[in-house]
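Worksheet: one structure, shown below.
Computed from the coordinates by the stated procedures, all read-outs in this text should not be read as laboratory data. A quick note: this is a predicted structure, and the numbers were derived from the prediction, not measured. Here Cβ is always computed from backbone atoms with ideal geometry, including for glycine, and neighbour counts include all displayed protein chains.
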Amino acid sequence: MASNLVKKYFREDHLPHIWCPGCGHGVLMKDVAQAVENLGLDKDKVVLVSGIGCSSRAAGYMDFNTMHTTHGRALAFATGIKMARPELEVICIMGDGDASAIGGNHLIHAARRNIGITAIVFNNDIYGMTGGQYSPTTPYGEKGTTAPYGNIDRPFDIPKVAEAAGATYTARGSAYDAVRTTKLIEEGIRHKGFSVIECASICPTYYGRKNKKGSAVDMFRWQKENSVSVEKAKTMTPEELEGKLVIGELSRSEFPELTEQYQKIIDKVQIK
Amino acid sequence: MSKMEIRLAGTGGQGLITGTIILAEAGIFENKFVAQSQSYGPEARGGMCKGEVIVSDEKIGFTKVTRPTFVMALSQQSFNQYCKDLAEDCFVLVDETIEVPEDYDHKNFMKLPILATAREKVGKMQTVNIVSVGAINEILKFSSYENIKKAVLMHVPKGTEELNLKALEEGAKLAK
Amino acid sequence: MKNVKLMQGNQACVEGALAAGCRFYAGYPITPSTEIAEGCAARLPQVGGRFIQMEDEIASCAAAIGASAAGVKAMTATSGPGFSLKQENLGYACLTEIPFVLVDVQRAGPSTGLPTSPSQGDVMQARWGTHGDHPVIALSPSTVEECYTLCVRAFNLSEKYRTPVIFLMDEIVGHLRESIQIPEEGSLEIVNRTMPKDLNAPAYECEPGSLIPSFAPFGHGQRYNVTGLIHAKDGFPTNSTEIAHNQVKRLMAKIDENLDDILSWEEKDTEDADVLLVCYGGTARSAYSAMEDLQKEGIKVGLFRPITIWPFPAKRLEELSRKVKKVVVAEHNNGQILLEVERVVKNNCKIDFIGKVNGTVITPDEIANVVKEG
């Protein structure tokens, strides 16, 4: 099954990927492919846009129209693509620093506009490509090469930020929970407005080693043991939820999608 | 007329920029070359405001007014700044409310109740620029009445056409 | 005179872009270019195009490039501070060979500078603003009519050479209103990108004898990869030193080996001139008037006006500089094109310079005085 998926959605001549052994990104990339397969999308009409960082390399491996852009700017490029050709299915894969630090402004404004783009954030809580610096999602007190004495910044909750900014679908999946994460991505793509799916990844090489999290297997086990479904989380106190990974659809709301609204303007003012 | 360099100065909100645009538009109807420019920035939002237009029989090189042939000032500040050290043949038009110093000796000079005409005769202060255009065209005679009318109608808000044509007429009457 | 209109330079740029087939604009408000955004917001949906105001200048540039990659001719406009911010993705478009037009209505800098005052201080930034070696085409209009016609050419060159083109306007022409004759529909040459004959061929493969790959927009079945990393013909990143060398060399060569097609300039009374003025953009307007005044006094003065600022029309200037006693460069900066003129003219003749950086316009008298200084 997996090999058929690889044949259909991956550029086999550009594999193996460059990610470290044990990295969670490979699983997440497969989830994206599986979601597209489940939805039966036409590969020619799918545009995959990425920024810069470990996550961004996914674009090169996947057999869609792919655009590996500049650091943080994936959503800005994607906005141009979607505005110009709304019929294309535009998916962005970004990292945590990519999406919420240098690209934070683009994230909140894409959310505010409710443009029909699916934003998938591979969140490994660290800048991996540059060697392990702390990111906007590195947990408080944890270490990175630029936080040798522990991180004193509060981390972002990316789906919450996106929801507050106007994203009409937000969810969280994880590298461990592939089945559920695939469904969440699928739902995000199907959703008409701007959707954000944060996918908890793992970085055994930098985040894991810096913070003594053990092997990749240990880190996956952590995800397994600390994941809580949205439904279950509703019954828990904030103290009980401390340090847990809440998985599932986090929010959903209604607002007209941007390119559809613009089409109405064209229909109204176009000089025939 | 071979080349006219016109400068309209006053207070932001008097619509003088639009005034220079209307003059430029009329100039085109008269088959002239025109170049219009204006002051920009915070000063264009309520402070002193300046619009310029060059109307010429020949192609226009430098587009800013350097040797004005006509200056209008509708505020004291703009009079103080722009109505001195002008060439003898430059025509200076100011509103009657402007205090002109006794030693001001520019000969080619006219005072008209432009602001009062807009306020009282036309009944709307916002038409002061069109009153001005009417007076200027009458003084300079660079456009037929038909063409200046056409130019005015291109640049006034819908629904105010009648009012502005009245303003144009009253302005012309002032300078007759 | 038919279809003659009073138009502002910025507005003429918008109309030129539409005539060239531009159907997408992304921008961020900044003086003195804002009228271009306003014009596009009003006009694009009227012709079935799309406008978006982005959250910042960086995003505007990115969105324009994205739209172009999706097959829609695109433009963004800005001024000095925004031009600095756009450099990041300008470089991306150079390397990925995605055409679009970047308008910079120059204002006085550095930094926020004098927001509504004229300047030509971005000339060198237009050449070297984005990091790394990269090709550049930059055009500079001197009249409102040129804001229209040259904007069409900017799009044509961009599509033809698959490279971003910088439309280097300035406040003088951007905010100037004058009459323009709108070219009749169909009278202008419009260049559109060419689709590859074989959608299975590598996306960046050039036909024999050509330095420019054809271009299938996203969604047309080629499913290739675009990256700002040095990449092979198939569009995928590589660390090959040979490919890196060839790629950068080809990007430069597609401009350098087509100078005859790309370069344009205006010459006025250069045949028997003793003094040659070198001016471009809005400054040329001061030069025209200075020439009139000087010629009335019997002084033989000519004008060389680069229209393509980059690449610079070096060869012709060099020829002319051999025939005159001196060259006078006037520009609204501290001597940027002057450097290029000095490089080209060398010791052929004397070079005098007028540079203004105080936000006011160089007057014809100022030019005339320097010409007469001997």
- Item | Volume per residue that the Cα convex hull of the protein assembly as shown spans, once the total is divided by residue count, Å³ | 202
- Over region A:40-136, one equal point on each Cα, no solvent: what is log10 I(q)/I(0) by the Debye formula at q = 0.19, 0.22 Å⁻¹? -0.81, -1.05
- Item | Relative contact order computed over region A:1-110 (Cα-Cα under 8 Å; 6+ residues apart), in percent | 25
- At q = 0.12 Å⁻¹, the log10 of I(q)/I(0) for chain A from a Debye sum over equal Cα scatterers comes to -0.69
- Message: Run the reach check for B:Lys84 against lysines, Cα to Cα strictly under 16 Å, same-chain hits fewer than 8 apart removed. What comes back?
- Response: B:Lys50, B:Lys107, B:Lys111
- Note on the structure: Longest principal axis of chain A (C-alpha) makes with the long axis of helix A:178-190 (C-alpha) an angle, in degrees to the nearest 10, of 20
- Note on the structure: Listed by chain and number, the residues whose amide H is under 5 Å from that of B:Cys49, excluding neighbours fewer than 5 places away on the same chain and using placed H, are B:Gly10, B:Thr11, B:Gly12
- Query: What does the convex hull of the alpha-carbon atoms of region C:266-372 project to on average, in nm²?
  - Reply: 5.8
- Query: So how far apart, in nm, are the two label points at A:Thr145 and A:Asn105 if each is 7 Å from Cα heading toward Cβ?
  - Reply: 2.7
- Message: With the crude spin-label approximation of a point 7 Å out along Cα→Cβ, what separation in nm comes out for C:Val248 versus B:Asn31?
- Response: 6.0
- Query: Over all directions, what mean area does the Cα convex hull of region B:3-175 project, stated in square nanometres?
  - Reply: 9.4
- In degrees, nearest ten, helix C:9-20 long axis to first principal axis of chain C (Cα): 40
- Note on the structure: Rounded to a whole number, the mean other protein chain Cβ count within 10 angstrom for residues of C:40-48 is 4
- Item | Percent of Cα pairs exceeding the 34 Å cut-off, where the set is chain C | 27
- How crowded by other chains is C:173-180, given as the mean number of beta carbons from other chains within 10 Å of each beta carbon? 6
- Scan region A:211-252 for trypsin sites (Lys or Arg not before Pro) in coil per DSSP, keeping those whose Cβ has at most 15 other Cβ atoms within 10 Å, and list them by number. A:Lys212, A:Lys234, A:Lys244
- Item | Helix A:104-113 axis, angle to chain A major axis (alpha carbon atoms, nearest 10°) | 40
- Query: Taking the Cα atoms of region A:153-238, what is the range of coordinates along each of the three principal axes, in descending order and whole Å?
  - Reply: 40, 32, 28
- Mean separation of Cα contacts under 8 Å, 6 or more apart, over the residue count of region A:2-269: relative contact order %: 18
- Message: Just to confirm the filter: which GluC sites (Glu not before Pro) across region A:134-243 are DSSP coil and have at most 15 other Cβ within 10 angstrom of their Cβ?
- Response: A:Glu242
- In chain C the DSSP beta bridges are antiparallel at a rate, in percent to nearest 5, of 30
- Item | Normalised contact order of region C:24-154, rounded percent, pairs of Cα under 8 Å and 6 or more residues apart | 22
- Query: Which loop trypsin sites (Lys or Arg not before Pro) in region C:1-110, with loop taken from DSSP, have no more than 10 other Cβ atoms within 10 angstrom of their Cβ?
  - Reply: C:Lys2
- Fewest to most neighbouring Cβ within 10 Å: what's the order for C:Ser240, A:Ser201, C:Ser117? C:Ser240, C:Ser117, A:Ser201
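Tally the DSSP beta bridges in region A:2-269 and give the antiparallel ones as a percent, rounded to 5. Walk me through the numbers on the way to the answer.
On the way: 8 of 38 bridges.
Rounded to the nearest five, the antiparallel share is 20 percent.
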